[in-house]
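Worksheet: one structure, shown below.
The values are calculated or read from the model by the stated rules, or taken from the named source; none is laboratory data. These figures come from a predicted structure and were not determined experimentally. Quick reminder, even Gly has a Cβ in these numbers, built from the backbone with ideal geometry, and neighbours come from all protein chains shown. Side chains included, ligands, DNA and RNA excluded: accessible areas come from the protein's heavy atoms. Shrake-Rupley method; radii C 1.70, N 1.55, O 1.52, S 1.80 Å.
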Amino acid sequence: MGRHYTQLTLEDRCAIARLSALGQTVRQIAANLDRAPSTIARELKRNRSRTQGYQPVYAHQQTRARRWAGSRLDRDSALRDHVLVRLQAGWSPEQVAGRLRHEAGRCILSYETIYRFVYAQIARTNDFSWRHYLPRAKAKRGWRGRKGGSPASFIALRRPLAERPPTAQDRQSPGHWEADLMLFKTYGQAVLTLHERHSRLLIALRPPGKAAAPIARALANTLAPLPPQWRQTVTFDNGTEFARHYALHALGMQTFFCDTHAPWQKGGVENAIGRMRRSLPRKTDLAAVTDAHFTALVQAYNNTPRKCLGFQTPAEIFWNAMLHFNCESISRLPPE
């Protein structure tokens, strides 16, 4: 009897049925087939017919029926439809799997199962439209590096990121923002993005241009209505469109800049832009995007669950924190 297990064949099952009919014990049958007694006992117990006893053809069919028949998404059409609808809405496989776990209180399936299912459809059907279900619509995973210069020396009153308060770094308190521009193929078209580090909430605007003055006005007009505790710091890259950053100082905000060639230091807004690129790729003509459609895209982002938030949405975190601050402010009012 070898050390490596192999599946019983139909011939093995015919021999088990014949020897069992002759009255041999489990150990005798195992010795004749050079198998472990536990293998024979399990075979007779699991694959026996309730009415006709052990039949080799029936036992072989039962074994094959229990074998893997595709991924869970191949077999469960309701779950597959649920997953595909959310992938079409722009959710990543990890967000889909995480939200299912958050709602059910247990693991339903892993995000790797979703990736493998999509890649299997591409390989099986040679239909590359399946790649559009994936976050970056790529058949292969990977990142492409880019190089460029930095105009940091042209920015007045520039403070490096190393001087930013530690409270902004740990993401535990709200009011710390990151800002960047999404640029498009048509010159002058841009989307100004503001990303709140605590809640991961995204605010996106379409400024009239990417010059420093209109960008500064747009930032000030957007942040001014917020409560003071939600207006603490803003972090930028070293683009000259943020050269008038000091206009935000009148709101009581501090402004900081990443190190040169280090956009990853404001990774929250970079990640947000990457997600928005799924719906607004660089080749998009921004003038053809209606205000209603643009607003719907931002709302979809803010209502998509995030792993870093325990698969809650940025909108849920933002409004819960806002209500918490409002309740605290009311409770601190002096009695009349």
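Consider all pairwise Cα distances in the chain and report the whole-number % of them above 29 Å. Walk me through the intermediate numbers first.
Details: 32159 of 56280 pairs.
Counting every Cα pair in the chain, those more than 29 Å apart make up 57 percent.
As a check on your grasp of the helix formula, calculate [θ] at 222 nm for the chain: sum -39500 (n - 2.57) over DSSP H runs of n ≥ 4, divide by the residue count, round to the nearest 500. Don't skip to the answer; put the middle values down first.
On the way: 13 runs with 140 residues, N = 336.
Result for the chain: -12500 deg cm²/dmol, rounded to the nearest 500.
In straight Cα distance, which aspartates and glutamates are under 19 Å from K283, not counting same-chain residues fewer than 8 positions off?
Within the straight-line cut-off, K283 pairs with D180, E270, D291.
Keeping all protein chains in position, work out how much accessible area E103 exposes to a 1.4 Å probe, and write it in Å² to the nearest 10.
The accessible area comes out at roughly 120 Å².
At q = 0.24 Å⁻¹, what base-10 log of I(q)/I(0) does the Debye formula yield for segment 185-292 when every alpha carbon is treated as an equal point scatterer in vacuo?
Cα-only, vacuum Debye calculation for segment 185-292: -1.65.
Solvent-accessible area per residue for the chain at a 1.4 Å probe radius, Å²? Walk me through the numbers before you get to the answer.
Details: 19530 Å² over 336 residues.
Heavy-atom SASA per residue in the chain reads 58 Å².
Quote the accessible area belonging to Y111 in square angstrom, nearest 10, computed with a 1.4 Å probe and with ligands, DNA and RNA left uncounted.
100 Å²
Starting at the first residue of segment 223-235, write each ³J(HN,Hα) from the Karplus equation 6.51 cos²θ - 1.76 cosθ + 1.60 with θ = phi - 60°, in whole Hz, x for Gly and Pro.
Per residue, the Karplus-derived 3J(HN,Hα) values read 8, 4, x, 6, x, x, 5, 9, 10, 10, 9, 9, 10 Hz.
Taking 0.36 nm per intervening residue step and subtracting the Cα-Cα distance, what contour gain separates S279 from R66 on full extension?
On the way: separation 213, 0.36 × 213 = 76.68 nm, distance 4.20 nm.
Length gained, S279 through R66: 72.5 nm.
Go through 195-206, 223-234 and give me the packing order, highest mean Cβ count within 10 Å leading.
On the way: 195-206: 21.8, 223-234: 16.2.
Answer by packing, highest mean first, reads 195-206, 223-234.
Report the residue, chosen from A41, A272, A296, that carries the largest GNM mean-square fluctuation when the chain is represented by alpha-carbon nodes joined by springs under 10 Å.
Result for the chain, Cα springs under 10 Å: A41 fluctuates most.
What percentage of the solvent-accessible surface of the chain, computed with a 1.4 Å probe over protein heavy atoms, is contributed by carbon and sulfur atoms?
On the way: 10320 of 19530 Å².
Taking all protein chains in place, the chain shows 53 percent carbon and sulfur surface.
Whose amide H sits under 5 Å from the amide H of D180, counting only residues 5 or more places off or on another chain, with H placed in the peptide plane?
Result for D180 returns T193.
What FRET efficiency do you get for Y119 and S173 if R0 is 45 Å and r is their Cβ-Cβ distance, rounded to the nearest 0.05?
Numbers: r = 41 Å, r/R0 = 0.91.
With R0 = 45 Å, the Cβ-Cβ based efficiency is 0.65.
Could you put W319, W91, W264 in order of accessible surface area, largest first, with the 1.4 Å probe and the full protein assembly present?
Details: W319 145, W91 40, W264 180 Å².
Result, largest first: W264, W319, W91.
I'd like the accessible area for H293: 1.4 Å probe, protein heavy atoms, all chains in place, Å² to the nearest 10.
In the full protein context, H293 sits at about 90 Å².
If you stretched the chain out fully between K138 and T9, how much longer would it get, using 0.36 nm times the residue separation minus the C-alpha to C-alpha distance?
42.2 nm
Could you size up the charge dipole of segment 180-233 around its Cα centre, putting +1 on the beta carbon of Lys and Arg and -1 on that of Asp and Glu, and report it in debye to the nearest 20? Intermediate values should be presented prior to the final figure.
Values: 7 positive and 2 negative charges, 15 e Å.
The calculated dipole for segment 180-233 is roughly 80 debye.
Amide H neighbours of F257 under 5 Å, at least 5 residues apart or on other chains, H built in the peptide plane: list them.
For F257, the qualifying residues are R159, L161, F236.
At a temperature of 25 °C and a viscosity of 0.890 mPa s, determine how fast segment 1-137 diffuses translationally according to Stokes-Einstein, using the Kirkwood radius over alpha-carbon pairs as Rh; express D in µm²/s, rounded to the nearest whole number. Before the final figure, lay out each step's value.
Details: Rh = 18.4 Å.
Approximately 133 µm²/s, per Stokes-Einstein.
Can you give the convex hull volume per residue for the Cα atoms of segment 37-108, as a whole number of Å³?
Details: hull volume 10.4 nm³, N = 72.
Expressed per residue, the convex hull around the Cα atoms of segment 37-108 is 145 Å³.
Based on alpha-carbon centroids, what's the gap between segment 155-201 and segment 70-117 in Å, whole number please?
Distance between centres, Cα-based: 32 Å.
Once the other residues with Cβ under 14 Å from the Cβ of Q88 are scored (Lys, Arg +1; Asp, Glu -1), what is the net sum? Intermediate values should be presented prior to the final figure.
Numbers: positive: R80, R86, R131, R278; negative: D81.
Around Q88, the surrounding residues sum to +3.
When 1/r is averaged over all different Cα pairs and the result inverted, which Kirkwood radius in Å belongs to segment 163-214? Before the final figure, lay out each step's value.
Working: mean 1/r = 0.0805 Å⁻¹.
Evaluated on segment 163-214, it is 12.4 Å.
Treat every Asp and Glu Cβ in the chain as -1 and every Lys and Arg Cβ as +1, leave all other atoms uncharged, and give the resulting dipole magnitude about the Cα centre to the nearest 20 debye. Could the numbers behind the result be given before it?
Numbers: 51 positive and 25 negative charges, 308 e Å.
Dipole magnitude for the chain comes out near 1480 debye.
If each of N303 and A21 carries a label point 7 Å out from its Cα toward its Cβ, how far apart are those two points in nm?
About 6.7 nm, to one decimal.
In whole percent, what relative contact order does the chain give with Cα contacts below 8 Å and a gap of six or more residues? Show your work: numbers first, answer last.
Values: 413 pairs, mean separation 45.8, N = 336.
That works out to 14 percent.
Looking at the chain as a GNM with Cα springs under 10 Å, which of G175, G310, G105 has the largest mean-square fluctuation?
It is G105.
Tell me, in nm to one decimal, what length is gained between L205 and D127 on full extension, where the rule is 0.36 nm per residue of separation less the Cα-Cα distance? Let's see the in-between values first.
Values: separation 78, 0.36 × 78 = 28.08 nm, distance 3.62 nm.
Contour length minus Cα-Cα distance gives 24.5 nm.
Once Lys and Arg get +1 and Asp and Glu get -1 on their Cβ, which of A36, A300, T222 lies farthest toward the positive end of the dipole of the chain?
It is A36, whose Cα lies furthest towards the positive end.
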